[in-house]
Amino acid sequence: MGSRGGDRERFDAAITGLGMLTPAGVGTAASWERIRQGAGTEAVKVPELADIAADFACQVLDFDAVAVLGRRRVGQFDRSSRLALAAAIEAVADSGLDPQTWDGARVGVVLGNGIGGAETWETQFRRLLDAGPRRVSPRLIPMLSSNMNAGYVSMEFGARGPSLVTATACASGTTAIGTARELLRSGACDVVITGGAEAPLTPSLIAGFSQMGALSRRNDDIRAASRPFDADRDGFVAAEGAAVLVLERAGDARARGARIRAMVSGYGASADAYHATAPDPEGKGAALALRAALRDAGVGPDEVDHVSAHGTATVINDVTEAHLIRDVLGDRPVVTSVKGVTGHSLSAAGAIEAAVAALTLAESFVPPTANLESLDPRIELDVVAKEGREMPVEVVVSNSFGFGGQNAVLLLTRS
């Protein structure tokens, strides 16, 4: 493994804390266990979506926001912010850092969020139409604005360093983690709380995705609806969720005796400059991001053991991504997509997948791609299916691609 990435020295950001709320489970341990099992899509019928062709989604069930945030505070936050805060609280506790004693001016927050307070927006707009402007909540703007997830997390922990939100559609969580690492590398922060959260399961948004033809319509078999890389896939299953990682410089983490889950050792970003919603069929833009992540880490293509794929289960994306992986990395790395279990949580997806990549490295276990029964013959890769695979894993690539052609790739290594 090389020592330089491009013209800069290799920089490892240590992942010392993880927090996850996903359709697979509330908390990192519960989410990881269900993802390890790869038993099927954690989807449910959603009554509010009954009139939409795709009337099901992946929700974070059994999340008791009152227990985490308190009854008085819960009503102040949109659901996306509740998920972000709960994941951040778990991640900071997992890191072993004490917000009561850290220097808040040296702690930053970078979270991905693509849509903002969707539930709040839809609820309050209905209230405006039904009852008039005087019935609109005075908290509409702070509950709606996409920057507030990072703002609320900063307030929760007294983090007075840079507080940012990245909005690169479905790449937002990955972009956030890459940006957080740069804040550590530059010396602007000593600790960064980073990741992504999204709660997009409202009728208007799901209707929009449905009308685009992006969603699976396997209404009669929703446990098998999200089928990444399968020959019979027909679209993604919309989801909500959040994942938060605590990053520190590797030397600082080791000096305080922290448990290091994995290292974020490379990051690359690019644009397709091609189409609003479709990926470049040749994958040229995404290849730029992947190669940039390899250069940044000083890692050769033949050193990548595993790819945590974007793998949305849409017809075009999966084939394009498969060709990209093979073109840049060859057929050596094993590939998986967690979206077969979790569905697609948009801006949270990349953060969830980065957390899973860290656990894959820590446990030398690659989870399976749920619902993969018959691999699309155009996908010439070793895609893990049926059962997870215990194997040595030293280097993982995690891909994220968003509408607008915005691409982001992380490279993680064993600590």
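The values are calculated or read from the model by the stated rules, or taken from the named source; none is laboratory data. Being a predicted model, the structure only gives us computed values, none of them experimental. No Cβ is skipped: glycine too gets one built from the backbone with ideal geometry, and neighbour counts run over all protein chains shown.
Quick notes
- Within this structure, ALA54 passes the test of being at pLDDT below 95, in contact with a Leu (Cβ under 8 Å, 6 or more places away or on another chain) and at negative phi.
- Residues of segment 178-218 that are under 20 Å from ALA150 (Cα atoms) and touching a Pro at 6+ places or on another chain (Cβ under 8 Å): LEU183, ALA188, CYS189.
- Test: residue in segment 309-324 that is acidic (Asp, Glu) and surrounded by fewer than 23 Cβ atoms within 10 Å (Cβ to Cβ): no
- Criterion: outside the structural domain of ILE177 (by TED's automatic domain parsing), surrounded by 20 or more Cβ atoms within 10 Å (Cβ to Cβ) and in contact with an Asp or Glu (Cβ under 7 Å, 6 or more places away or on another chain) - qualifying residue of LEU372, LEU361: LEU372
- Residue match in segment 157-165 (condition: in a helix (DSSP H, G or I), aromatic (Phe, Trp, Tyr), at pLDDT 95 or above and within 30 Å of THR312 (Cα to Cα)): no
Let's see how each residue does on (1) assigned to a helix (DSSP H, G or I); (2) in contact with a strand residue (DSSP E or B) (Cβ under 6 Å, 6 or more places away or on another chain); (3) among the hydroxyl-bearing types (Ser, Thr, Tyr):
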residue: LEU294; (1), (2), (3): yes, no, no
residue: VAL307; (1), (2), (3): no, yes, no
residue: HIS310; (1), (2), (3): no, yes, no
residue: ALA313; (1), (2), (3): no, yes, no
residue: THR320; (1), (2), (3): yes, no, yes
residue: GLU353; (1), (2), (3): yes, yes, no
residue: VAL356; (1), (2), (3): yes, no, no
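- Odd one out for GLN37, checked against (1) at pLDDT 95 or above; (2) in contact with a Phe, Trp or Tyr (Cβ under 8 Å, 6 or more places away or on another chain): (2)
- Scanning segment 122-136 for residues that are more than 28 Å from GLY343 (Cβ to Cβ) and under 19 Å from the mean Cα position of the chain (by Cα) turns up nothing.
- Top-ranked residue of segment 206-221 - restricted to ones that are out of contact with any helix residue (DSSP H, G or I) (no Cβ under 6 Å at 6 or more places or on another chain) and of a type in the set (A, V, I, L, M), ranked as surrounded by the most Cβ atoms within 10 Å (Cβ to Cβ): ALA214
- Within segment 334-358, if we keep just the residues that are more than 13 Å from the chain's Cα centre (by Cα) and surrounded by 24 or more Cβ atoms within 10 Å (Cβ to Cβ), the residue that is nearest to ASP302 (Cα to Cα) turns out to be VAL335.
- Subset tally (residues that are of a type in the set (Lys, Arg), within 17 Å of GLY151 (Cβ to Cβ) and either in contact with a strand residue (DSSP E or B) (Cβ under 8 Å, 6 or more places away or on another chain) or without any contact (Cβ under 8 Å) to a residue 12 or more places away in the chain (or both)) for segment 68-82: 1
- All positions within segment 83-116 that are without any contact (Cβ under 8 Å) to a residue 40 or more places away in the chain and at negative phi: ASP98, GLN100, THR101
- Segment 34-86: number of residues that are closer than 26 Å to GLY208 by Cα, surrounded by 13 or more Cβ atoms within 10 Å (Cβ to Cβ) and either more than 22 Å from the chain's Cα centre (by Cα) or of a type in the set (A, V, I, L, M) (or both): 13
- Pick from segment 168-197, criterion among the polar types (S, T, N, Q) and crowded, with 24+ Cβ neighbours inside 10 Å, ranking: farthest from ILE352 (Cα to Cα): THR168
- Members of segment 230-258 found to be under 22 Å from the mean Cα position of the chain (by Cα) and either among the polar types (S, T, N, Q) or over 26 Å from VAL319 (Cα atoms) (or both), listed by number: ALA242, ALA243, VAL244, LEU245, VAL246, LEU247, GLU248, ARG249
- Among helices (runs of 4 or more DSSP H) entirely within segment 1-113, having at least 3 residues that are outside the structural domain of PRO367 (by TED's automatic domain parsing) and polar (S, T, N, Q) singles out 28-37, 79-95.
- Members of segment 15-29 found to be under 12 Å from ALA355 (Cα atoms) and of a type in the set (A, V, I, L, M, F, W, C), listed by number: ILE15, LEU18, MET20, LEU21, ALA29
- Listed conditions (1) within 30 Å of ARG8 (Cα to Cα); (2) in contact with a Lys or Arg (Cβ under 9 Å, 6 or more places away or on another chain); (3) acidic (Asp, Glu) are all met by GLU182, apart from (2).
- Search result, residues across segment 360-396 that are farther than 25 Å from ALA214 by Cα, in contact with a Ser or Thr (Cβ under 8 Å, 6 or more places away or on another chain) and not in a loop (DSSP other than H, G, I, E, B): THR360, LEU361, ALA362, VAL366, GLU390, VAL395, VAL396
- Residue that is nearest to ALA355 (Cα to Cα), among those in segment 261-277 that are within 21 Å of the chain's Cα centre (by Cα) and surrounded by fewer than 18 Cβ atoms within 10 Å (Cβ to Cβ): ALA271
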